[in-house]
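Participant: Structure provided below as structure tokens; questions to follow.
Only the coordinates and a few stated rules stand behind these numbers; no lab work does. Note that the coordinates shown come from a computational prediction; the quantities given were computed from them, not determined experimentally. Note that we place each Cβ from the backbone using ideal geometry, even for glycine, and neighbour counts take in every protein chain shown.
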Amino acid sequence: MIKNPGLLEKFERTLAAKGKAEPSRNFQLIDALYEEAVLLGAFPLKDKLEGLETDIKVARVVNSVPKSS
């Protein structure tokens, strides 16, 4: 829930004014985050299906919410 929408809009305007994102920089960030996750032991998962049931339940709940709300 957004507690201060005006502040968020100001942030978005400032971010948009700075220009477009560099895809190469974004890929560097993703690679660094992945490496950190591996070092912390979060990846690779021991059981690839671990948590899948929870993800499915969350997806069902999210997808059941009407678009107009």
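Participant: Sequence neighbours fewer than 8 away in the same chain don't count; with that in mind, list the lysines whose C-alpha is under 28 Å from Lys3.
Facilitator: Cα-Cα hits under 28 Å: Lys18, Lys20, Lys57, Lys67.
Participant: Report the label-to-label distance for Ala17 and Ala42 in nanometres (one decimal), using points 7 Å from each Cα along the Cα→Cβ vector.
Facilitator: Each label point is offset 7 Å from its Cα along the Cβ direction, giving 3.3 nm.
Participant: Can I ask one more? Under the Karplus relation 6.51 cos²θ - 1.76 cosθ + 1.60, θ = phi - 60°, what is the ordered set of whole-Hz ³J(HN,Hα) values for region 18-31, x standing for Gly and Pro?
Facilitator: 6, x, 6, 6, 8, x, 5, 5, 4, 5, 4, 5, 4, 4
Participant: Another question about this same structure. Which whole-number percent of Cα pairs in the chain have a distance greater than 18 Å?
Facilitator: Details: 1652 of 2346 pairs.
Roughly 70 percent, once rounded to a whole number.
Participant: How far is it, in nm, from the label point at Tyr34 to the one at Leu49 when both lie 7 Å from their Cα along the line to the Cβ?
Facilitator: Going by the 7 Å Cα→Cβ label model, 2.5 nm.
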